[in-house]
Amino acid sequence: MKIISLEIENFRNYDYLSLFPNENINIFLGRNASGKTNILEAISMLISGKSFRTSRDREILKFGEESFKINALIEINNLEKDYSLTYSDDKKKKIQINLTNIDNLKELRRDNALIVFKPEDLEIVKDGPNLRRKFFDDLISNLDLIYRYNLSKYETILKQKNDLLKSRNGKLDTRLLFEAYNIQLSSLGSYIIYMRKKVLRRFNEIIAEVHSDISNGEELLEIEYMNPHSEIDDMKKIEIELLNELRDSLDRDLMLKYSTKGPHRDEYMIKLNKKELKRYGSQGQQRSSVLSMKISELKIIREERKMTPIFLMDDVFSELDKDRRKKLIENIRGVQTFITMAEENYLEDFNNMNKNLYIVRENGVKKIGGKNAEQ
Amino acid sequence: MITINIDCEYIELDSLLKFAKLVNSGGEAKHFIKDGFVKLNGEVETRRKKKIYKGDTVEFDGECIQVV
């Protein structure tokens with residue numbers, strides 16, 4: 001997919017911004033806080049329905065304005081489609097494709113895919129299981145339409161169960177309610193576990209190759225899915241096992257006021273040369289591994305969805321050394337990419353490549369290089 | 001007099017009319033421009049994709065738009 005034209009109105013610091021991006025590489029160069037990340041954020045909202053930053057839609061609206069709008073002409077499978085996202089203070093968010101309202105994000109995701117690489121991603125290896133679960137949830141959501149929906153429902157019911165656990169009520173009729181929750185959780189949970197396992201299997205094949213290339217054949221990277229039911233191949237069997245597990249843990253859950261079992265507790269162990277990367281890897285190895293994960297994310301989407309996603313890279317070049325920058329750039333051939341950077345020196349990595357270069361300043365965005373460059 | 005701020009080098013004439021909320025749709029903009037109801041810096045402009053730069057003035061429907 002490619003963005004042919006983009007219009008951003010009343011969005012954060014922008015009144016009106018119009019761009020005709022390059023089909024391959026687009027670089028936005030500007031000082032910190034100049035507004036370059038906002039452009040990427042607008043793209044992510046239009047394509048995935050949500051911002052990759054944790055902000056409320058209301059905060060994104062330019063101060064004093066009533067609504068913001070993002071429009072784009074996007075080419076998908078050789079068809080050009082008009083995308084439009086409007087947010088009004090009173091009417092909330094509305095997304096349209098070719099003037100038809102999109103009522104849920106599942107429809108939006110059907111034709112689109114987006115990958116974001118930002119500095120916080122480098123914490124995936126070091127940080128808690130939360131980030132690792134999020135990485136794979138985002139990936140699987142890009143590959144399977146039902147996954148995000150089921151995950152969402154699972155989280156809603158989990159919250160209801162946890163709220164009830166906090167009330168520490170062990171009476172019989174409450175236990176019946178827990179049973180009802182557990183039945184739903186095991187049904188949705190078994191789908192989640194099954195898909196996490198299935199996707200990871202293919203992902204591991206890809207990342208082994210990618211990382212071998214990045215490490216010049218010296219390192220083997222693999223990721224292990226840590227869930228007690230991951231060895232079961234049949235979704236129905238997983239559901240039964242999970243339900244038993246949830247029933248057995250009810251007493252403990254009541255004591256701790258928290259659901260101790262289920263895929264929301266999943267962990268992924270990232271192993272480099274058979275050893276746990278988090279504990280035994282150097283920072284350089286950890287960064288290379290995250291880079292491999294991102295490149296593999298791109299590869300698996302291209303392969304499974306038979307389409308090319310849009311790639312946003314927000315200020316990551318300053319976090320990578322020359323070799324890793326080179327590897328990253330090698331892997332985005334044919335992918336429409338939007339890159340922000342604060343320093344000019346990384347520009348030389350892109351010499352002789354098909355690209356548009358934009359300078360982002362307080363008074364606006366100026367295109368200084370690329371196709372149809374104004375003199 | 002309406003002042004419109006743009007953050008890029010130019011805005012196309014039909015987009016300007018829409019952004020300034022002087023028309024309801026691109027289709028309306030196209031017709032008004034084609035039929036000669038819009039002036040750029042004092043002269044009638046009938047090309048809807050005409051690039052309007054900072055400093056230009058556009059007139060339509062009794063309204064004057066200053067682009068900055």
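Laboratory data are not the source of any read-out in this text; all were calculated from the coordinates shown. All of these numbers come straight from a predicted model, not from anything done at the bench. Because the Cβ atoms are built from the backbone with ideal geometry, glycine has one as well, and the counts that use them run over all protein chains shown.
Given the pairs A:K278/A:K366; A:K50/B:K18; A:K62/A:K299, which are separated by over 32 angstrom at their Cα positions? Before the final figure, lay out the partial values.
Numbers: A:K278/A:K366 42 Å; A:K50/B:K18 25 Å; A:K62/A:K299 36 Å.
In this structure, A:K278/A:K366; A:K62/A:K299 lie more than 32 Å apart at Cα.
With θ set to phi - 60° and the Karplus curve 6.51 cos²θ - 1.76 cosθ + 1.60, what are the ³J(HN,Hα) couplings of region A:207-214 in order, to the nearest whole Hz, using x for Gly and Pro?
Couplings: 5, 4, 5, 4, 6, 4, 5, 5 Hz.
Out of the chymotrypsin sites (Phe, Trp or Tyr not before Pro) in region A:1-91, which ones are loop residues according to DSSP with at most 15 other C-beta atoms within 10 Å? Could you put the intermediate results ahead of the total?
Details: sites: A:F11, A:Y14, A:Y16, A:F28, A:F52, A:F63, A:F68, A:Y83, A:Y87; in loops: A:F52, A:F63.
Sites meeting the loop and neighbour criteria: A:F63.
Rounding to the nearest 20 debye, state how big the charge dipole of chain A is about its Cα centre with +1 on each Lys and Arg Cβ and -1 on each Asp and Glu Cβ.
On the way: 65 positive and 62 negative charges, 128 e Å.
The calculated dipole for chain A is roughly 620 debye.
A:E267's amide H: which non-local residues (gap 5+, or another chain) put their own amide H closer than 5 Å, with H modeled 1.01 Å from N in plane and none for Pro or chain starts?
HN-HN under 5 Å from A:E267: A:M226.
Cα-Cα over 31 Å: which of A:K118/A:K197; A:K326/B:K50; A:K236/A:K275; A:K306/B:K34? Before the final figure, lay out the partial values.
Numbers: A:K118/A:K197 26 Å; A:K326/B:K50 41 Å; A:K236/A:K275 33 Å; A:K306/B:K34 42 Å.
Check vs 31 Å cut-off fails for A:K326/B:K50; A:K236/A:K275; A:K306/B:K34.
When only DSSP loop residues count, what GluC sites (Glu not before Pro) in region A:1-95 have their Cβ near at most 14 other Cβ atoms within 10 Å?
Within region A:1-95, the qualifying GluC sites (Glu not before Pro) (loop, at most 14 other Cβ atoms within 10 Å) are A:E65, A:E66.
Restricting to DSSP H runs of at least four residues, report the calculated mean residue ellipticity at 222 nm for chain A, -39500 (n - 2.57) per run over all residues, nearest 500 deg cm²/dmol. It would help to have the intermediate numbers written out before the result.
Details: 11 runs with 161 residues, N = 375.
It comes out at -14000 deg cm²/dmol, rounded to the nearest 500.
Only bridges whose two residues both fall in chain A count here: according to DSSP, what percent of them are antiparallel, nearest 5?
Details: 45 of 64 bridges.
For chain A, the DSSP antiparallel bridge percentage is about 70.
Check the straight Cα-Cα distances from B:K49 and name the aspartates and glutamates below 15 Å, setting aside those fewer than 8 residues away within the same chain.
Within reach: A:E7, B:E9, B:E12, B:D14, B:E28, B:D35.
Note down the net charge around A:L79, summing +1 for each Lys or Arg and -1 for each Asp or Glu among other residues with Cβ under 13 Å from its Cβ. The partial results should precede the final answer.
On the way: positive: A:K2, A:K81; negative: A:E75, A:E80, A:D82, A:D111.
Once all neighbours under 13 Å are counted, the net charge is -2.
How do A:S249, A:S292 line up, fewest other C-beta atoms within 10 Å first? All intermediate terms of the calculation are to be shown ahead of the outcome.
Values: A:S249 16, A:S292 25.
Ranking A:S249, A:S292 by Cβ neighbours within 10 Å, fewest first, gives A:S249, A:S292.
Going by amide H atoms built from the backbone, whose H comes under 5 Å of the H on A:I223, apart from near neighbours?
When sequence neighbours closer than 5 places are left aside, the close amide H contacts are A:K271.
For region A:311-342, which chymotrypsin sites (Phe, Trp or Tyr not before Pro) are both in a DSSP coil and crowded by at most 13 other Cβ atoms within 10 Å? Mind showing how you got there, number by number?
Numbers: sites: A:F311, A:F317, A:F338; in loops: none.
In loop regions of region A:311-342 (DSSP not H, G, I, E or B), there are no sparsely surrounded chymotrypsin sites (Phe, Trp or Tyr not before Pro).
Nearest 0.05, what FRET efficiency do A:N273 and A:R305 give at R0 = 35 Å with Cβ-Cβ as r? Intermediate results must be reported in sequence, preceding the final value.
On the way: r = 31 Å, r/R0 = 0.89.
It comes to 0.65.
Work out Dmax and Rg for region A:256-375 from the C-alpha atoms and quote the Rg first, both in angstrom.
Rg and Dmax of region A:256-375, Cα atoms, are 19.0, 67 Å.
Pull up all non-local amide H partners of A:R12: gap of 5 or more, or a different chain, and H-to-H distance under 5 Å with H placed in the peptide plane.
So A:R12 has HN proximity to A:L61, A:K62.
With a 10 Å Cβ neighbour count serving as the proxy for reagent exposure, in which order, fewest first, do A:Y194, B:Y10 appear? Present the calculation step by step, with values, prior to reporting the outcome.
Working: A:Y194 21, B:Y10 17.
So the ranking, lowest neighbour count to highest, is B:Y10, A:Y194.
Per residue of region A:243-251, what does 6.51 cos²θ - 1.76 cosθ + 1.60 with θ = phi - 60° give for ³J(HN,Hα)? Whole Hz please, x for Gly and Pro, Karplus curve as stated.
4, 4, 5, 5, 5, 5, 8, 4, 4
What fraction, in whole percent, of alpha-carbon pairs in chain B exceed 18 Å separation? Please list the in-between numbers first.
Working: 511 of 2278 pairs.
Here the tail beyond 18 Å accounts for 22 percent of pairs.
What are the ³J(HN,Hα) values, in whole Hz, obtained from phi via the Karplus relation 6.51 cos²θ - 1.76 cosθ + 1.60 with θ = phi - 60°, for each residue of region A:284-293 in sequence order, with x given for Gly and Pro?
x, 5, 5, 5, 4, 5, 5, 4, 4, 5
How are the Cα pair distances of the protein assembly as shown distributed, in percent, across 10 Å bins from 0?
4, 18, 25, 23, 15, 9, 4, 1, 0
What list do you get for A:M1, A:M293, A:M269 if you sort them by fewest beta carbons within 10 Å? All intermediate terms of the calculation are to be shown ahead of the outcome.
Details: A:M1 18, A:M293 24, A:M269 15.
Arranged by neighbour count, lowest to highest, A:M1, A:M293, A:M269 become A:M269, A:M1, A:M293.
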